[in-house]
1. Which of the peptides 69-79, 31-41 is most tightly packed, and how do the rest follow, judged by the mean count of other Cβ atoms within 10 Å per residue?
2. Which order, highest average first, do 432-444, 49-61 follow once you tally other Cβ atoms within 10 Å for each residue and take the mean per peptide?
3. Net charge near E481: determine it from the other residues with C-beta under 11 Å of the C-beta of E481, scoring Lys and Arg +1 and Asp and Glu -1.
4. Highest first, please rank the peptides 160-173, 483-496 by the mean number of other Cβ atoms sitting within 10 Å of their residues.
5. Can you give me the Cα centroid spacing of the stretch 220-243 and the stretch 150-176 in angstrom?
6. Using a simple spin-label model with points 7 Å from Cα along the Cα→Cβ vector, what separation in nm is obtained for R405 and D478?
Amino acid sequence: MQGFERLPARVFDFTSGSRRDLYFAILHVFNDANERLETALLLDQVHDRLPGTGFAEPTEEAEVEAALRHLESIGLLESAQSYTAAYATAAEFERKNVQYTLTARGEAEFAGVRLVLERLKERGALQTAVLDAVADRLDGLHVLMGADDPAQDSRVFTTLQELEGHLDSLRDNTKRFNNELQRLLRSGGADLDTFHEVKQATVGYLDAFVDNLEERARGIADALARVEGHGLEELLSRALAGANLPPSATDRIREDWLAARRTKWSGLRLWFAPTEDGQEGVRRLHEVARRAIGSLLEALERITESRRRASSTAEDLRAAARWCAGAGSPEEAHRLWSALTGLSPARHATLGHTDDELIAPGTAWAVADPVPVSANLRSSGRSGRVARTARVRDVGETARRRRERARVQRAEVERALGRLATDGPVRLSAFGDMEHDLFEHLLALLGQALSESVRGDGTRRALTSDGRMEIVLVPPPDRGEARLRTPRGVFSGPDYVVSISVPGGAGPHSERGFE
């Protein structure tokens, strides 16, 4: 277990204060110099190169020198005497013979700030191409591990690095896109037209990403299992050999390198390796996308309904207020209010006191004892009665029966699809007599295949929604007709050449139920 890493004291201290832009520009100069393999710069070189970084403020050499000394004091630069340059005077030597070099900490802090600036500009995305690239790199590792050739260790290393890069890209882009998506779901939008267009486009974007997502995830999981079949430690050992670490690398450095690779691989498993609860990262991503599509569609429906409404509730109340204000008399205003609201007078005139003998005949209502009035009387016209609370029905048994029924139905569907699998291309007429339920599954597969476009080889291919069954249709070589008989009737159509397979299965079922 790795220990907790503490931040150095005064990290990113150069980003505060009134001269932070100058500090950042100076570090930019040293970073550009490092890219040109210049490891040290003099004061005048730093001063002359500042405008090239985009820093346009006029700055004297004395101010640049003070900034260099400040960056040196916080450990971002280090200085040394330069004895190679020529100086005209002793004063010039005293002032300009110091050369500055960017330290490892300075390089790291500059890279951190650059990363922050880039992240602020970036937008998240859901990229199916990255999923395809992950699967491709895993297949490449499987091939390289199958060939026990030490000369290929460098390719194992580069392929593993590319795989980790694609995984980082997928994770970071997905995280940023999910944050932006949640902000979009919470936003009401000032401009309804723009808001409507953005949400509608987002729904299409999510729907295109979710399409065939489970099939891609299953392919990556299978490729991951194939690579792990060669042994993860063997893979990491070959990658370490191909990394060509310098001879100065100690055993601790090599162990840290291997630990970092194991952590990356664990992240890959968390995303794609199937778990017992089925909550791998890609499945959670699928659920988030589906819920977001539903929420966005509900928001679009609310916007559409609000546009269909001729007037708002507030406008209706304002119109009613104008009509009541223009009434000729209070009685007319009361009649108008009753017509607008449908509220009738209280209906408790016929209620009597619980003990009528206590009320003398002719007693005025103002001095008589009050009569209790039920709260339900105005809404229902009946006095309320307090009844016993109904018993809460136990739905546990019902839920258990429903789960059992769903399990049986899933098993029947899987058994039916397995019975439809063929040993290879067969004529549609070969299915002959069939059970009607089995015929319905076959008809659904045919419908999916016929809805696909014709490929270059003249075939039509389709996968079921879960990717577990594939059907290939080839146009009939003749004008033969296929007749399939079921207990409910006879189906006739072109006698296609059909091939139905279960990817990754053990072959067709022994009891197909057709001739």
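1. Result, highest mean Cβ count within 10 Å first: 69-79, 31-41.
2. Most protected by this proxy first, the peptides run 432-444, 49-61.
3. +1
4. The peptides rank, most packed first, as 160-173, 483-496.
5. For the stretch 220-243 versus the stretch 150-176, the Cα centre distance is 12 Å.
6. Result for the modelled spin labels: 4.8 nm.
The numbers here are math on the coordinates, done by the rules we state, and not lab data. Quick caveat: nothing in here was measured; it's all calculated off a predicted structure. All Cβ positions, even for glycine, are placed from backbone atoms using ideal geometry, and neighbour counts span all protein chains on display.
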